[in-house]
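Here's the structure, in structure tokens; my notes come after.
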Amino acid sequence: MPVICTKAIKRHFRLILRSPAPVIYECKRTCFTTLRKPYNSFQLRRSNSRNDSNSVINKYFVQSNQEKAMGALSPLDPSSFSRPEIAIIRHISLILDVDFENKVLSGIADLNFDVLQNTEEIILDVNNVTIQSIEFRDGTQLQYNIGSHVPNFGSKLSVSLPHPFVARQKLVLRIKYKTSPSASALQWLEPNQTSGKQHPYLFSQCQPIHARSILPCQDTPSVKFTYDAEVTAPEQFVVLMSAVRGENRDKRTMFQQSVPIPSYLLAIAVAALEHRRLGPRSLVWSEREEIERSAWEFADTERYLAAAEDLCGPYQWGQYDLLVLPPTFPYGGMENPCLTFVTPTLLAGDRSQADVIVHEIMHSWTGNLVTNRNFEHFWLNEGFTVFLERKVGASLIADAAEARRSRDFHSILGLQELSETINDHFGAASPLTKLVPDLKGVHPDDAFSRVPYEKGSLFLRYLEDLVGGPEVFDEFLRSYLGHFQKQSLDTDEFRDYLLSYFSGDHNLANVDWNAWFYGSGMPPIIPNYDTSMTKAVTALVTKITEEDKFSYDDVKSFTPHQMINLLQELIDKEALPIEKLRSVGDVYKVNASKNSEIIYRWLRLCIRSRDQEKLNDVFNFVNQQGRMKYVRPIYRDLYAWEEVRQQAIDNFLQQEPYMMHVSAYTLRKDLHLSD
């Protein structure tokens, strides 16, 4: 979600930072007693303005010695060298040229800063970017230094200013640069890797901290900026970005993003594309070979947008387009503003994976409009989005009782995935199973899992039940989204706002914030979900494990998601004998399914039953698409099968050059090829 680094490198490290610049703001000492343990911290006096764009960073200026010793790269964000508390980017103007032959982007970035503290330097993040010059817009050349490279995090770019700048001044840095062919945010596909087989294809994936490989920037979600861009590409290509598309003339395409975004939402795609209209504010883009299927699959996009607005308020981004990417795209979807990227594995032919589109739409509010301050607080993006996705999905069902059952059923499916992630993948004691993990010295890609999604969503459901249900909690959600829109926040700020909003509700006094935020393993409390839609599945699982004769009538009335539930339940049981498993696959027509969620779970069952005859199907599946939700568990299952372990490793090494960086990086760890 590439050019692949095949070198095994150690990614956990300790970094001692110099003391930060003196804080010049008036501070007040505050004691937080609801965290892992009471500690003294500093909190800056905050503006009362709900839209104060500096408020998100003002309280984090002072970094403790303990944090420095544990490897935080900066006071605000353990994964960023940048110092936005000193000077913060407000707007970026890009002029880019797309060079398919050399696999680079080259051009100019004008970074517009507001100075917040007296300073003589600007610090940015870069990762394998070639800097050609840095200057003011009047041509004054500036001195700069690129620090030593930290594997997977990049380098600190320090720009010396010719004279001190003071608070409230503005400055613009003009940086001429080009990317590396191995930029971790970019995947350059050869024509034979595309559906059309005629033209190459470029797409990006900047989340979590890969924007620094596309341009020098403050690569932290605590910083939000607007941007405009002019992109030059060969005439036969369409250029798309995470912005409203403007004029296209003389091989140049113009873009404008007027809503502030964090750097991880900067996105670009360049390919031979066609589009179809889905609604008054939506197009779907893809290669010609997928365009009709894509238009049919996503025909209900406007309906989903309208339902989301009913819950969350007006959609603020203008355009909502979808781009169906080639199969190597490593995620189900990526919520780039104005242009959601989606995997072609969603093209099931039955619209059964619409929940992914609803999920990405909900990011237009949670994640894009209201953003986690850094990736330790990723659940504020993803937990909220899953929670809202299920509420909106249920709202599309006319019958209220059925809607409640459906919402709870999908929550149970999520709970299954959470349980497997925590108990089978990480282990219940792993610090990465915390809702708010400590990422000092840990790359956010290493922490990526279902935990922030499902544990976060479950926590919000627990709170919703505690304060009186959806009728009460929905009003809080709208207030929360309005209060923090266009800002970034952390978990403490969410908790404080919740407690302030529900100041008269004594039920919240019973919340164990420490256990929820900083406890490892499964959530301390599981909501009382309606299990009526799982009862038939549970009964059939018992039949499959205890009997040998099956009939298609057993599953004839099952929805696709009930079939997914069935297969996931079987994954969580002891492996079935091969002959019984084959009978299940044939009689229940699982073998013939076109639904990637069903195929994925079916192939995992075949691996767990050690069915050698299915290995070709397994390798074809992981080789034909790169969605990490599928390929990582399958490769882990193959690694656990000792007889085919080397075959799995060999297959990965053969495919690695064609994978995006994040896929190869994480799979190398899954296969124990790097630390």
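Quick notes
- Strands (runs of 3 or more DSSP E) (entirely within segment 104-205) containing at least 1 residues that are open to solvent by 10 Å² or more (accessible area, probe 1.4 Å): 104-115, 119-126, 130-135, 144-146, 155-165, 170-178, 186-189
- Residue count, segment 206-240 (criterion: closer than 18 Å to V342 by Cβ and either open to solvent by 10 Å² or more (accessible area, probe 1.4 Å) or assigned to a loop (DSSP other than H, G, I, E, B) (or both)): 3
- Annotation: of all residues in segment 634-658 being open to solvent by less than 20 Å² (accessible area, probe 1.4 Å) and among the aromatic types (F, W, Y), the one that is nearest to Q624 (Cα to Cα) is F652.
- Restricting E302, E290 to residues that are at pLDDT 95 or above and either open to solvent by less than 20 Å² (accessible area, probe 1.4 Å) or over 26 Å from Y453 (Cα atoms) (or both) narrows the list to E290.
- Checklist (1) at pLDDT 95 or above; (2) open to solvent by 40 Å² or more (accessible area, probe 1.4 Å) applied to D250, failing item: (1)
- Some residue of segment 426-434 being surrounded by fewer than 15 Cβ atoms within 10 Å (Cβ to Cβ) and either modelled with pLDDT under 95 or among the polar types (S, T, N, Q) (or both): no
- Listed conditions (1) part of a loop (DSSP other than H, G, I, E, B); (2) modelled with pLDDT of 95 or more; (3) more than 26 Å from K391 (Cα to Cα) are all met by N591, apart from (2).
- Close pairs (8 angstrom Cβ cut-off, 6 or more residues apart or separate chains): farther than 14 Å from L215 by Cα in segment 170-187, among the aromatic types (F, W, Y) and surrounded by fewer than 24 Cβ atoms within 10 Å (Cβ to Cβ) anywhere: K170/F113; L171/F113; L171/F136; L171/F165; V172/F113; V172/F136
- In segment 338-380, residue least open to solvent (accessible area, probe 1.4 Å) [restricted to those that are modelled with pLDDT of 95 or more and among the acidic types (D, E)]: E360
- Among the numbered conditions (1) surrounded by fewer than 21 Cβ atoms within 10 Å (Cβ to Cβ); (2) not in a helix (DSSP H, G or I), the only one that S583 does not meet is (2).
The values are calculated or read from the model by the stated rules, or taken from the named source; none is laboratory data. Source: prediction; values computed, not measured. No Cβ is skipped: glycine too gets one built from the backbone with ideal geometry, and neighbour counts run over all protein chains shown. Accessible surface is based on the protein model in full, side chains and every heavy atom, while ligands, DNA and RNA are left aside. Shrake-Rupley method; radii C 1.70, N 1.55, O 1.52, S 1.80 Å.
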